[in-house]
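A quick write-up on the structure given underneath.
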Amino acid sequence: ADQQGRAPLHMAVWNSSVRVVDLLVRGGADKNKADWDGRTPLFLAAFLGSLPVVRALVEAGANKSKADPHGRTPLSIAVCGSHFAVVRLLIGEGANRNQADWFGRTPLHEAARQGNVEIVKMMLKVGVDIRKADNFGRTPLDLAVAANHLRAARALLDNYSDRDRPTCVLALPQSPLQPPAMCRKAWV
């Protein structure tokens, strides 16, 4: 291992070398060994958005939901990087899509905060908890609205049942001169 506790498998992942990753895993390398920052090879591959390396590690049985010390998982870090194909693969392979980090944020919170409509929609299709609040009481919808991501907010609102729908005012600007959409919670 190097000064950061990265094993040869970590280095192969950093270099996006699928052949070396496969060789090391077949040779018995620990595919779930974390470096000193708590990052596993799969976490690093997801961070880099390296779909072939992520696929190789998942097929080799790497833990898809192992979190770093901050509670971030390979899925949540792939969402942070807007790596759509990696997110789709991890969800398809059974990664925990509702696992929260130490702030209580799920991958859906992060996708909504970033305004990544494609990932928001994909996650909604597979049945994530849309109403889960983070440690500060904010739902994914709250984060999308706070960041002024109207399309992400609309996608989230469209997935609330009528009974559970928050009281919001979302309006598309009529011209580029109008202010962006606003959403205010009713304090009733």
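Let me confirm something: among Arg26, Arg55, which residue is more than 23 Å from the chain's Cα centre (by Cα) and at pLDDT 95 or above?
From the options Arg26, Arg55, the qualifying one is Arg26.
Taking the conditions exactly as written (basic (Lys, Arg) and either touching a Phe, Trp or Tyr at 6+ places or on another chain (Cβ under 6 Å) or crowded, with 17+ Cβ neighbours inside 10 Å (or both)), does Lys64 satisfy them or not? It would help to see each step written out before you state the result.
Numbers: basic (Lys, Arg): yes; either touching a Phe, Trp or Tyr at 6+ places or on another chain (Cβ under 6 Å) or crowded, with 17+ Cβ neighbours inside 10 Å (or both): yes.
For Lys64, the condition - basic (Lys, Arg) and either touching a Phe, Trp or Tyr at 6+ places or on another chain (Cβ under 6 Å) or crowded, with 17+ Cβ neighbours inside 10 Å (or both) - is met.
Looking at the stretch 96-128, which of the residues that are closer than 20 Å to Asp158 by Cα and polar (S, T, N, Q) is surrounded by the most Cβ atoms within 10 Å (Cβ to Cβ)?
Applying the filter and picking the extreme gives Thr106.
Does any residue of the stretch 90-106 turn out to be within 17 Å of Leu48 (Cβ to Cβ) and either at pLDDT 95 or above or among the hydroxyl-bearing types (Ser, Thr, Tyr) (or both)?
yes
Counting just the residues of the stretch 133-159 that are assigned to a helix (DSSP H, G or I) and among the basic types (Lys, Arg), which one comes out surrounded by the fewest Cβ atoms within 10 Å (Cβ to Cβ)?
In this case the residue turns out to be Arg151.
In this structure, is Leu89 closer than 17 Å to Tyr160 by Cα, in a helix (DSSP H, G or I) and not acidic (Asp, Glu)? Please lay out each step first, then the result.
Working: closer than 17 Å to Tyr160 by Cα: no; in a helix (DSSP H, G or I): yes; not acidic (Asp, Glu): yes.
When the stated conditions are applied, Leu89 does not pass them.
Within the stretch 68-87, identify whether any single residue is more than 10 Å from the chain's Cα centre (by Cα), within 23 Å of Pro8 (Cβ to Cβ), surrounded by 18 or more Cβ atoms within 10 Å (Cβ to Cβ) and in contact (Cβ under 8 Å) with a residue 24 or more places away in the chain, and answer yes or no.
Yes, that holds for at least one residue.
Among the residues of the stretch 38-59, are any of a type in the set (Lys, Arg), surrounded by fewer than 16 Cβ atoms within 10 Å (Cβ to Cβ) and either without any contact (Cβ under 8 Å) to a residue 40 or more places away in the chain or in a helix (DSSP H, G or I) (or both)?
Within the stretch 38-59, none of the residues are of a type in the set (Lys, Arg), surrounded by fewer than 16 Cβ atoms within 10 Å (Cβ to Cβ) and either without any contact (Cβ under 8 Å) to a residue 40 or more places away in the chain or in a helix (DSSP H, G or I) (or both).
The values are calculated or read from the model by the stated rules, or taken from the named source; none is laboratory data. As the structure is a prediction and not an experimental result, all values here were calculated from the model. Positions of Cβ are generated from backbone atoms using ideal geometry, with glycine treated the same way; all protein chains shown enter the neighbour counts.
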